[in-house]
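The next block holds one structure in the form of structure tokens; read it before the comments.
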């Protein structure tokens with residue numbers, strides 16, 4: 001089984017803006033928080049804009065006469081000619097500024113402050129709020145002796161506005177952080193579902209996906225429960241298939257043994273020798289197929305049994321090459337390359353022999369007789385032993401490479417049934433590599449096919465370790 005799926009944008013060499021864009025596109029949490037923030041800002045802007053419009057259209061007209069009356073009362077309190085003492089008392093009592101200009105008095109309550117922008121002639125000509133229909137200024141009065149009094153808001157009384165703005169921004173960021181934490185908690189079951197689906201894809205059905213609030217699950221809990229049910233069904237199907245293959249293989253061994261015995265008892269006369277040899281060859285092929293089926297099911301199980309022992313890979317490779325030269329007498333001699341001496345590794349000798357035999361047998365059957373002979377190379381690098389087998393045949397179309405190590409898979413174009421095999425050779429090699437904690441890599445060597453098995457190599461410095469019994 002295969003599993004896939006990784007977060008995009010994980011390359012550290014990508015620009016930060018690309019990684020951020022990929023993270024937003026991949027993370028449902030971030031997108032939900034961004035939607036929450038956009039909705040909050042939109043609602044706030046729409047509300048404030050609407051309220052401002054309401055005030056501009058309705059409350060201005062209602063407040064105009066009140067403001068005019070209040071300004072008239074303040075002007076009367078200042079008196080004519082204007083009294084600087086009373087004007088100063090008003091400026092101290094109220095958050096307003098006063099400017100008095102006239103033939104006798106030139107006084108400003110806040111000389112350090114610039115003139116409010118709404119008191120300029122240009123603004124007042126355009127703003128109907130600052131002037132009435134006759135052009136009379138609402139915040140400006142002229143006394144009987146010719147002094148002009150301008151009223152304005154004291155800007156110093158609004159010094160707390162930046163502090164309030166920063167406080168508002170802090171509250172908004174805090175609400176956003178709380179929203180992210182809540183959304184993360186809300187969507188945490190998605191992480192469990194992803195990890196569970198990956199385990200199921202790898203064939204591990206021992207641990208189900210946890211269901212939050214199992215007595216009353218939400219939508220994500222129901223999804224996890226549904227996937228658990230699907231995993232149990234798949235597990236039962238795989239167990240049933242495995243049990244069927246094992247039962248069939250075991251049951252077929254007895255009649256095959258009897259058939260082989262009967263074939264060997266046939267007279268070795270010239271008229272039946274050809275049929276006898278063909279029958280013995282077919283029976284041997286069937287016996288090897290059953291053995292491969294049984295071995296594949298043993299290795300595909302959750303607890304693959306390995307008997308690790310100190311293994312001299314160079315000597316083992318020589319034995320396998322000599323054995324295959326007998327089975328393929330007409331084939332060219334396999335070249336064995338060992339660039340550097342190899343240490344004895346703690347491996348399952350019989351399973352590694354099976355891996356080498358299948359790789360070389362596959363290479364011999366698909367090599368071009370007119371090209372160079374297949375070769376096997378052994379090397380160790382950083383605690384990993386690599387067993388690389390290459391032929392010089394036609395290779396495999398690229399679209400078939402990813403499926404080549406699957407059970408019963410045979411490409412239709414380059415490797416036909418007439419060349420032998422049912423598609424279990426490379427599959428068994430992959431299972432052997434995975435049982436040892438390694439990998440199997442398949443690539444086109446142009447010409448030919450190159451298969452590399454990478455196995456962790458623990459040097460044999462102690463007594464042989466028993467991982468399991470066969």
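What follows draws every value from the coordinates through simple rules; no lab data is involved. Treat the numbers as computed from the prediction; the structure is a model and nothing was measured. Cβ: placed from backbone, ideal geometry, glycine included. Neighbour counts: every protein chain shown.
Can you compute the FRET efficiency between residue 247 and residue 277 using 1/(1 + (r/R0)^6), with r the Cβ-Cβ distance and R0 = 30 Å? Round to the nearest 0.05. Display every interim value, and only then the final one.
Values: r = 31 Å, r/R0 = 1.04.
After rounding, the FRET efficiency stands at 0.45.
Would you calculate the separation in nanometres between label points at residue 66 and residue 259, each defined as 7 Å from the Cα along the Cα-to-beta-carbon direction?
According to this spin-label approximation, the distance is 10.6 nm.
Express as a percent, rounded to the nearest 5, the fraction of DSSP beta bridges in region 308-456 (both residues included) that run antiparallel.
Percent antiparallel among DSSP bridges in region 308-456 is about 90.
Where in region 172-207 is the amide nitrogen less than 14 Å from a point lying 7 Å along the Cα-to-Cβ axis of residue 40?
Those under the cut-off are 172-184.
Extending each Cα 7 Å along its Cβ direction at residue 335 and residue 148, get the distance between those two points in nm, one decimal.
Distance between the two pseudo-spin positions: 10.5 nm.
Provide the FRET efficiency to the nearest 0.05 for the residue 323-residue 113 pair, computing r from the beta carbons and using R0 = 60 Å.
Working from the Cβ atoms, E equals 0.05.
Once label points are set 7 Å from the Cα along Cα→Cβ at both residue 77 and residue 286, what is their separation, rounded to one decimal in nm?
In this crude label model, residue 77 to residue 286 measures out at 11.7 nm.
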